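Report on one structure; see the data block that follows.
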Amino acid sequence: MSVLGASDKELAQQLSYQIDVQSGDRMLCKQIQQAVKEHMYSLGFSQLPEGLDEFFSDTKRYVDARRYRMITNIYDVDY
């Protein structure tokens with residue numbers, strides 16, 4: 001999504017990703033999401049407050065879904 005423009009030209013973008021981790025083991029799910037979070041932070045993303053951290057009894061799986069967002073530097077729009 002374009003977040004900054006001038007003279008009909010895109011100058012910066014907003015990049016958003018949702019990453020879902022599912023597992024039958026709650027601790028494994030948390031460990032994977034922690035590794036994902038650290039990697040996303042290293043790429044310049046920050047975690048958004050909403051997300052999902054639930055156990056679904058019908059599938060017997062834990063789901064940890066998190067959203068990350070970054071706004072690119074000005075003129076960095078080659079994505």
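The values are calculated or read from the model by the stated rules, or taken from the named source; none is laboratory data. Because the structure is a prediction, the values reported are computed rather than measured. Quick reminder, even Gly has a Cβ in these numbers, built from the backbone with ideal geometry, and neighbours come from all protein chains shown.
Filter region 8-25 down to residues that are surrounded by 15 or more Cβ atoms within 10 Å (Cβ to Cβ) and either free of Cβ contacts under 8 Å to residues at least 24 places away in the same chain or part of a helix (DSSP H, G or I) (or both), then give me how many there are.
Residues that pass the stated criteria total 0.
Only one of these conditions is not met by Met40: (1) surrounded by 15 or more Cβ atoms within 10 Å (Cβ to Cβ); (2) free of Cβ contacts under 8 Å to residues at least 12 places away in the same chain. Which number is it?
(2)
Tell me yes or no: at least one residue of region 18-37 is closer than 18 Å to Ile71 by Cα, β-branched (Val, Ile, Thr) and at pLDDT 95 or above.
Yes, region 18-37 has at least one match.
From Leu52, Leu28, grab the single residue that is hydrophobic (A, V, I, L, M, F, W, C) and in a helix (DSSP H, G or I).
Only one candidate passes the filter, namely Leu28.
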